[in-house]
1. Of everything in the range 99-128, what is of a type in the set (S, T, N, Q) and either closer than 23 Å to THR277 by Cα or touching an Asp or Glu at 6+ places or on another chain (Cβ under 9 Å) (or both)? Give them in sequence order.
2. Taking only the range 223-238 into account, find how many residues are assigned to a loop (DSSP other than H, G, I, E, B) and more than 31 Å from the chain's Cα centre (by Cα).
3. Do we find a residue being crowded, with 23+ Cβ neighbours inside 10 Å, in contact (Cβ under 8 Å) with a residue 60 or more places away in the chain and out of contact with any His (no Cβ under 8 Å at 6 or more places or on another chain) anywhere in the range 289-300?
4. The conditions are (1) open to solvent by less than 50 Å² (accessible area, probe 1.4 Å); (2) at pLDDT below 95; (3) not hydroxyl-bearing (Ser, Thr, Tyr), and HIS117 fails exactly one of them. Which is it?
5. Among the residues that make up the range 100-110, is at least one of them open to solvent by 20 Å² or more (accessible area, probe 1.4 Å), under 24 Å from the mean Cα position of the chain (by Cα) and not aliphatic (A, V, I, L, M)?
6. Output the number of residues of the range 158-209 satisfying the condition of being under 20 Å from PRO141 (Cα atoms) and in a loop (DSSP other than H, G, I, E, B).
7. Tell me the residue from ASP216, ASP242 that is over 24 Å from the mean Cα position of the chain (by Cα) and at pLDDT below 95, please.
8. How many residues does the range 255-288 hold that are open to solvent by 10 Å² or more (accessible area, probe 1.4 Å) and acidic (Asp, Glu)?
Amino acid sequence: MASSLHLHLLLSLSLLVLASAAPSPSPSPSPSDEGAYIGVNIGTDLSDMPHPTQVVALLKAQQIRHIRLYDADPGMLVALANSAIKVIISIPNDQLLGIGQSNSTAANWVKRNVIAHYPATTIIAISVGSDVLTSLSNAAPVLVSAIKNVHAALLSANLDRLIKVSTPLSTALILDPFPPSQAFFNRSLNAVIVPLLSFLQSTNSYLMMNVYPYYDYMESNGVIPLDYALFKPIPPNKEAVDANTLVRYSNAFDAMIDATYFAMAFLNFTNIPVLVTESGWPSKGETNEPDATLDNANTYNSNLIRHVLNKTGTPKRPGIAVSTYIYELYNEDTKAGSLSEKNWGLFNANGDPAYILRLTNSGSVLANDTTNQTYCTAREGADPKMVQAALDWACGPGKIDCSPIKQGEACYEPDNVIAHANYAFDTYYHQTGNNPDACNFNGVASITTTDPSHGTCVFVGSGVNGRNGTSVNITAPSANSTTSSGIQNELYYSRGLWSIFTVIILNVANVFL
């Protein structure tokens, strides 16, 4: 009995020693420390907003490792736990006054939205409001107080070195932005901007900026060329030249970043890194927005991603990373405003890409143009008899191995024609070398980048290695498709929308197995 007690005590002491020797979490790096990365904003003004587990599944499938939320939704933060995805959470503008006027309100917010989730959910920063100085002028007097109160709450929790605090500003605050060397912040707001920059410098944080060449282009009345806004190659004689520095600019994005650096230097702040919290291009617009097109959105975002990840920096600060969050993950069909306001997303609500980014040889993030990351699934609404006929063809003349959907095998459940057809059609698609024509079937199929694997049923090309206790994608693909010919024209099939409860049940089962 005594020896058992001694053994227990020794083990306990050993664990304590190991725990005390374990390294503490590293401080949250600045963008320049971490190296250039691409993140994505996630808005929620959708009529059919995907469940948080679906959102996280899409992020994983697209290898998106940095996101920014416009709030601190607890369901989303729980779904992100243990995902290694780095998160910026936000304090909405309508909560600024309370947090700016009360330390206790700020402390309660941090306790509820940060401490309750960290470190399982990797929160790296808090954005306090957004575009406050240009969209909510009555909150400007308390903006810096709100930031400091949030930081004080993090300090009390010993998280101040791990989680940055800042606020996204609009480039509209920068007057005379070209040439960049003459740029300066709106002097009427210096009473807010100077203490803000002082805080960012003292806490080793970054200046968050929302940078939209699209709006600069639209408001320039033809002065800014479209190719210059889209990062398209332009001849040297078309580049913009800063007459003071003789630096040449080949795109509007770099010019605006350097204008931000110069505006800070004008106020004697020269060592604060810039983090672009929003940038993008709409894929659809009203008749007065003819350049809000799928092709231009694809061109801008594809070029932006390449530009950021090649780590060239800007002409003023070459080699300095300017990490950027694309606006945004989903098209927001219920967002107020014009048609373009609803169509900045990279994906539709069901997880299908709004367009296939052109990112070959540009890394893995958002590389939804790589064939080994695409899947073929069916759309809902088709006649079940036609679905069955297509399934029979795929498992017969189509010559695919349908044994995994037989009773007792990994993909038998859920036991319905839709689930079985999805597996069969995707397998056929991959057997044909991911040929888009093989995923058509007279216009009722579509290629998707979201992984339809579930539980122990792993689809071809999936990165999921069996059951691991985590939720996999259960988002349905869209009804859009490409055209085709040949035997596929004779086949029709549909897809099922797998229920979230299937994943929940599997995860609960893992706990008890």
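1. Taking the range 99-128 as the starting set, the residues that turn out to be of a type in the set (S, T, N, Q) are 101-105, 108, 113, 121-122, 127.
Across the range 99-128, the qualifying residues are ASN113, THR121, THR122, SER127.
2. 2
3. Looking only at the range 289-300, we keep the residues that are crowded, with 23+ Cβ neighbours inside 10 Å, and these are 297, 300.
Then drop every residue that is not in contact (Cβ under 8 Å) with a residue 60 or more places away in the chain, which leaves 300.
Then drop every residue that is not out of contact with any His (no Cβ under 8 Å at 6 or more places or on another chain), which leaves 300.
Yes: one or more hits.
4. It is condition (2) that HIS117 fails.
5. Pass one, the range 100-110, residues open to solvent by 20 Å² or more (accessible area, probe 1.4 Å): 101-105, 107-108.
Then drop every residue that is not under 24 Å from the mean Cα position of the chain (by Cα), which leaves none.
Checked the range 100-110: no residue is open to solvent by 20 Å² or more (accessible area, probe 1.4 Å), under 24 Å from the mean Cα position of the chain (by Cα) and not aliphatic (A, V, I, L, M).
6. Of the residues in the range 158-209, 2 are under 20 Å from PRO141 (Cα atoms) and in a loop (DSSP other than H, G, I, E, B).
7. Details: ASP216 fails: over 24 Å from the mean Cα position of the chain (by Cα).
Of the residues listed, the single one that is over 24 Å from the mean Cα position of the chain (by Cα) and at pLDDT below 95 is ASP242.
8. Counting residues in the range 255-288 that are open to solvent by 10 Å² or more (accessible area, probe 1.4 Å) and acidic (Asp, Glu) gives 2.
The values are calculated or read from the model by the stated rules, or taken from the named source; none is laboratory data. Computed from a predicted model, the values in this text were never measured in an experiment. Counting neighbours? That spans all protein chains shown, and the Cβs are built from the backbone with ideal geometry, glycine included. Keep in mind that these areas ignore ligands, DNA and RNA; they rest on the heavy atoms of the full protein, side chains included. Shrake-Rupley method; radii C 1.70, N 1.55, O 1.52, S 1.80 Å.
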